Every structure is written in structure tokens, then in C-alpha cells.
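Here it is, the structure in full.
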Amino acid sequence: MLLNAFHITVIVIAILNFSLISLVIFLKVKNLQASIACYCINFFATLIISYSLFITIDEHTIRAEVSDVSFTRNLRTETVLVRGRVTNLTKYPIQKCYLKLSIVNKVGASDDVFKQNQVRNTQNQQNSVHYNLLISDTLEGHTYKDFDVRIPFPPGFTRAEFYHTTHCI
């Protein structure tokens, strides 16, 4: 996670808020047990609010889009070449972008499913494979980067379908 001006502002405000509330607790609460409880509540409330603000800031400053994704199967090496373009939609840099790829074997419905010996074979087969592919390191604001990644094609898949999502940090 890269810190930007919004993160630093939240940190400064959280420290000031914690300090001021701690000062009020120190001046107003005379009972030791009550003051310790108030300090703990102050600490955890500041921590939870800061964490929530960090997540909100990251949602708005880390946005990327993957486009022109293509999947090309190489039969000679039994691999799949995944190509595309990742675009940073904000003016803030993105540290890493991952493509979460799922390959699903869409086996067609036939009368083999209703045969007793085929039911066990169908249940034992793996019908999906998941990959977490690094597609970009340090993507600056309002820029794009083309990527290509090779992954092994799952054995036994006859009708593969590809599904993908993007996750950036």
C-alpha cells in the first residue's frame, strides 16, 4: 500500500483526536479503572475509524481496469497465453495489480451422467482451476501497461471457459 496525502491526513487527524480525547480523559476522570476503560475505548475507536477511512480512501484512489483480454491456447506446450491491458483510472500510483483467473470445464449434459459408473468419475474430476496472476508492478497514474502471462492448461479439460476479475493494491 502506497501512502498518499489522504492517508497522511487521516493519520495526523487520528493522532490529534486520540491525544485530545486522552487529555480530556486525564483531566476529567479521576477513577483509575474508569480512566483505563476510557483510554482503551478511545484507542480502539480511533483504530477502527482510521482503518475504515483507509479502506474508503483505497477504494477511491486505487482503481484499475483490465481490457482487451485474450486467451490463446498453445497445444504444443499445453499452456494458455493470457494477454491484455491494465489501465490505472486514477492519478495515484498503484503498487501491484493481480488478475484473478478461473478456468472452468463446461462439460455438456449427456446420458453418461445417469450411468452409475460415470457418476463417480464425474464427481472425482476437477472442473475448475484458479490462478492469481501478477499483471503489473508500480503502475503510475493515468497510464496503462500491456501484459502477457503463460499458465499451464489443466489436463482433461475439453470445453474450457475463462472468467477473470482484477484486484489492485
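The values are calculated or read from the model by the stated rules, or taken from the named source; none is laboratory data. Since we're looking at a predicted model, the values are computed, not measured. Using ideal geometry, Cβ is built from the backbone for each residue, glycine included, and neighbour counts are taken over all protein chains shown.
In the stretch 1-45, how many residues are surrounded by 11 or more Cβ atoms within 10 Å (Cβ to Cβ), part of a helix (DSSP H, G or I) and free of Cβ contacts under 8 Å to residues at least 12 places away in the same chain?
13
Read through the list (1) part of a strand (DSSP E or B); (2) surrounded by 12 or more Cβ atoms within 10 Å (Cβ to Cβ); (3) without any contact (Cβ under 8 Å) to a residue 60 or more places away in the chain; (4) not aliphatic (A, V, I, L, M), then give the number of the only condition that F71 fails.
Against the list (1) part of a strand (DSSP E or B); (2) surrounded by 12 or more Cβ atoms within 10 Å (Cβ to Cβ); (3) without any contact (Cβ under 8 Å) to a residue 60 or more places away in the chain; (4) not aliphatic (A, V, I, L, M), F71 comes up short only on (3).
Okay, next question. Might you let me know whether the stretch 83-94 holds any residue that is closer than 23 Å to G156 by Cβ and either among the acidic types (D, E) or part of a strand (DSSP E or B) (or both)?
First, pick out the residues of the stretch 83-94 that are closer than 23 Å to G156 by Cβ: none.
Scanning the stretch 83-94 turns up no residue that is closer than 23 Å to G156 by Cβ and either among the acidic types (D, E) or part of a strand (DSSP E or B) (or both).
Next question. I'd like the residue in the stretch 46-68 that is within 17 Å of L89 (Cα to Cα) and among the small types (G, A, S) and, out of all such residues, is surrounded by the fewest Cβ atoms within 10 Å (Cβ to Cβ).
Restricting attention to the stretch 46-68, the residues satisfying the condition of being within 17 Å of L89 (Cα to Cα) are 56-68.
With among the small types (G, A, S) added as a condition, the list becomes 64, 67.
Numbers: A64: 20, S67: 9.
Applying the filter and picking the extreme gives S67.
Is one or more of the residues making up the stretch 107-118 surrounded by 14 or more Cβ atoms within 10 Å (Cβ to Cβ), over 19 Å from H60 (Cα atoms) and either over 15 Å from the mean Cα position of the chain (by Cα) or modelled with pLDDT of 85 or more (or both)?
Residues of the stretch 107-118 that are surrounded by 14 or more Cβ atoms within 10 Å (Cβ to Cβ), as a first pass: 107.
So of that shortlist, the ones also over 19 Å from H60 (Cα atoms) come out as 107.
If we keep only those that are either over 15 Å from the mean Cα position of the chain (by Cα) or modelled with pLDDT of 85 or more (or both) as well, we get 107.
Looking for residues that are surrounded by 14 or more Cβ atoms within 10 Å (Cβ to Cβ), over 19 Å from H60 (Cα atoms) and either over 15 Å from the mean Cα position of the chain (by Cα) or modelled with pLDDT of 85 or more (or both), one finds at least one in the stretch 107-118, hence yes.
For the condition over 15 Å from H167 (Cα atoms), in contact with a helix residue (DSSP H, G or I) (Cβ under 6 Å, 6 or more places away or on another chain), of a type in the set (A, V, I, L, M) and not assigned by the TED database to the domain that holds Q126, what is the one hit in I57, I49?
Values: I49 fails: in contact with a helix residue (DSSP H, G or I) (Cβ under 6 Å, 6 or more places away or on another chain).
Of the residues listed, the single one that is over 15 Å from H167 (Cα atoms), in contact with a helix residue (DSSP H, G or I) (Cβ under 6 Å, 6 or more places away or on another chain), of a type in the set (A, V, I, L, M) and not assigned by the TED database to the domain that holds Q126 is I57.
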